[in-house]
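The values are calculated or read from the model by the stated rules, or taken from the named source; none is laboratory data. Because the structure is predicted, anything quoted here is derived from the model rather than measured. As a convention, Cβ positions derive from the backbone with ideal geometry for all residues, glycine included, and neighbour counts pool all protein chains shown. Just so you know, the surface numbers come from the protein's heavy atoms only, side chains and all, with ligands and any DNA or RNA stripped out. Shrake-Rupley method; radii C 1.70, N 1.55, O 1.52, S 1.80 Å.
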Amino acid sequence: MKNIDLEISNKKIFGVLGPNAAGKTTLLKLLACVTMPTEGNVEIMGMNSKNNQKKIHQHLGYLSHELLLYRELTGFENLDFYSKFYKSPNIGWHRRIDELLNLLMIDKWSHEFIGNMSSGIQKRFDIARTLLHNPDLLLLDEPFSNLDLESQKMIFKLIHGFRGKKTVVISTHNIDHAKRLCDEMAIFSKGKLVRKIDKDKLKSIKILKLFGRILE
Amino acid sequence: MIRELLFELRSIAYLAIRDLKIEFRKKHEIFSILTFSLVSILIFSFSIDPFSKYSNEVLPALLWFIILFSGVFGFSTTFTRERDQETINALRILPISPQTALMGKTIYGFSLISIVEIVIIPISLVFFNLSFKTNLFFVFIVFLLGTIGLSLIGSMVSGLAMYSESRTIVIPMIMVPLILPIIIPCILLTRTMILTNMANLIIPEFKIILFTLVALFSASIILFEYVLVD
């Protein structure tokens, strides 16, 4: 990625759009402090990503392209393992995990090994992992991929519920999801920021045309 | 400061427990390591007469040879398995330092090698009709320090080599030269402890092991800061 100058507003849902190899995943990895910039700076919640990874990770939930769960552990064991590294919520970890399992309707799979689950259920457990510590900043890389229509609707509703409460950055191919969910969005192509679009212009048909041109 | 240190120590324990849980559930490494160790003892026991005067000369080298190669088998996958299963980013997004991840893997490796030692040391002493003449406390310390060194180097090298396509070659090539300053004094100490009960004879080798461990620990702490970042 080159010459990216981007500011993401607090407690807004920000969409990152673009075709394959546009740099969406790289941008999210940079924000998640998984990859470090070779030049320039990334500031997250006022903290430089190079020196404050531990602090940033306490407040950040990252849903990666890859499954960040251990296949040899059950769904519950995975969530229990991740919970050890974060500050305990008032309700306690077991109740928090139960709450998420119910919310994502995966409680009946909680004692099954992740490796034995379908990719859609794995994804829902990974979303539960991302939300586990109730992070202020959510980075969701293609949250609707590998999900059936019903699950997509559920995740859509869940993300919609974060509006005004959390800062959410979503990367997606799906312009319809982005238009309905996002307050702001940025369109990327070949590692470059093509355009940043605010909420007023989101409904405009021109975005579809612009995105279509990039995809071509 | 103390709270932060306690958090890091707890995190190291959680990481090691998770790896051990996965290991005992799937038996990825422990089965092959134990098989290799037991078969090695069996094969050597056929060629070395347990009542010959040479058995106490050969056994220390044999024991450490088995421990070293068990380590090479075990450690070649500690970080690489995470990378192959794409869970390496799970370590990167946890609110822990890279050094904590390294120490978690070191404790995991230490536990694996310790299990091998608990099994093979008594068996090899019986097969070769030998016993330690020194106080068993010294024996424990020698094997403890040797295993710590092996685990630390193994975990660090596994982390360094996880990005390499030819890591099965790279890991032993880097690991073996690094471990020699620990393994050679350990062999000499084990030999002394089998042959004599003179504890004062083993002090110089102890110093070499301790110095090497401190140097390796410092180097791994500094180096690992850059290993886990993509």
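Starting from the residue with the highest accessible area, list B:MET193, B:MET103, A:MET45 in decreasing order, probe 1.4 Å.
Details: B:MET193 0, B:MET103 30, A:MET45 90 Å².
Ranked from most to least accessible, the order is A:MET45, B:MET103, B:MET193.
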To the nearest 500 deg cm²/dmol, what mean residue ellipticity at 222 nm is calculated for chain B from DSSP H runs of n ≥ 4 alone, each contributing -39,500 (n - 2.57), summed and divided by the residues? -28000 deg cm²/dmol
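Over chain A, what relative contact order in percent results from Cα pairs under 8 Å that are six or more residues apart?
On the way: 329 pairs, mean separation 77.2, N = 216.
With pairs under 8 Å counted, the relative contact order is 36 percent.
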Sequence-separation-based contact order of region B:1-159, relative, with Cα cut under 8 Å and 6+ spacing, percent: 38
So what are the three principal axis dimensions of region B:2-229 from its Cα atoms, in whole Å, longest to shortest? 57, 35, 28
Nearest 20 debye, what's the magnitude of the dipole of chain B about its Cα centre given +1 on Lys and Arg Cβ and -1 on Asp and Glu Cβ? 340
How much accessible surface area, in Å² rounded to 10, belongs to the heavy atoms of A:ASP5 with a 1.4 Å probe? 140
Over region A:120-194, what is the mean sequence separation of C-alpha contacts under 8 Å (at least six apart), divided by residue count, expressed as relative contact order in percent? 31
Under 1.5 on a/c is rounded, so check that first for region B:99-230, then, if it is not, pick prolate when a/b is larger than b/c and oblate when it is not; a ≥ b ≥ c are the square roots of the alpha carbon gyration tensor eigenvalues. prolate
Accessible area (Å², per residue) of the protein assembly as shown, counting only protein heavy atoms and a probe of 1.4 Å: 48
Report the one residue of A:PHE81, A:ASN48, A:GLY15 whose Cα lies farthest in the direction of the positive end of the charge dipole of region A:1-146 (charges on C-beta: Lys and Arg +1, Asp and Glu -1; origin at the Cα centre). A:ASN48
Dimensions in Å of the protein assembly as shown - Rg and Dmax from alpha carbons: 26.4, 91
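Rounding to the nearest 20 debye, state how big the charge dipole of region B:83-184 is about its Cα centre with +1 on each Lys and Arg Cβ and -1 on each Asp and Glu Cβ. Could you put the intermediate results ahead of the total?
On the way: 5 positive and 4 negative charges, 31 e Å.
With Lys and Arg at +1 and Asp and Glu at -1, about 140 debye.
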Counting Lys and Arg as +1 and Asp and Glu as -1, each charge on the Cβ, what is the dipole of the protein assembly as shown about the Cα centre in debye, to the nearest 20? 1420
Ignoring ligands and nucleic acids, what accessible area does A:TRP109 show with a 1.4 Å probe (Å², nearest 10)? 60
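Please arrange B:TYR54, B:TYR163 by accessible surface area, largest first, computed with a 1.4 Å probe and ligands excluded. Can you show the working numbers first?
Numbers: B:TYR54 140, B:TYR163 80 Å².
Greatest to least solvent exposure: B:TYR54, B:TYR163.
When each pair of different Cα atoms in chain A is counted once in the 1/r mean, what is the Kirkwood radius in angstroms, to one decimal? Don't skip to the answer; put the middle values down first.
Values: mean 1/r = 0.0558 Å⁻¹.
Evaluated over chain A, this radius sits at 17.9 Å.
Working with all protein chains in place, sort A:ARG95, B:ARG191, A:ARG180, A:ARG124 by solvent-accessible area computed with a 1.4 Å probe, largest first. Walk me through the intermediate numbers first.
Details: A:ARG95 160, B:ARG191 85, A:ARG180 125, A:ARG124 30 Å².
Correct descending sequence by accessible area is A:ARG95, A:ARG180, B:ARG191, A:ARG124.
Determine the calculated [θ] at 222 nm for chain A from helices alone, applying -39500 (n - 2.57) to every DSSP H run no shorter than 4 residues and normalising by the residue count; nearest 500 deg cm²/dmol. Can you show the working numbers first?
On the way: 9 runs with 81 residues, N = 216.
Helix contribution divided over all residues of chain A: -10500 deg cm²/dmol.
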In region B:24-86, what trypsin sites (Lys or Arg not before Pro) fall in a loop by DSSP, with at most 16 other Cβ atoms inside 10 Å? B:LYS27, B:LYS53
Ignoring everything but the protein chains, give the 1.4 Å probe accessible area of B:PHE31 in square angstrom, nearest 10. 140
Could you list which residues have their amide H under 5 Å from that of A:SER189, counting only those 5 or more apart in sequence or on another chain, with H placed in the peptide plane? A:VAL194
Pop out the ³J(HN,Hα) list for region A:33-47 in order, Karplus 6.51 cos²θ - 1.76 cosθ + 1.60 with θ = phi - 60°, rounded to Hz; leave Gly and Pro as x. 6, 7, 10, 9, x, 7, 9, x, 10, 10, 10, 10, 6, x, 10
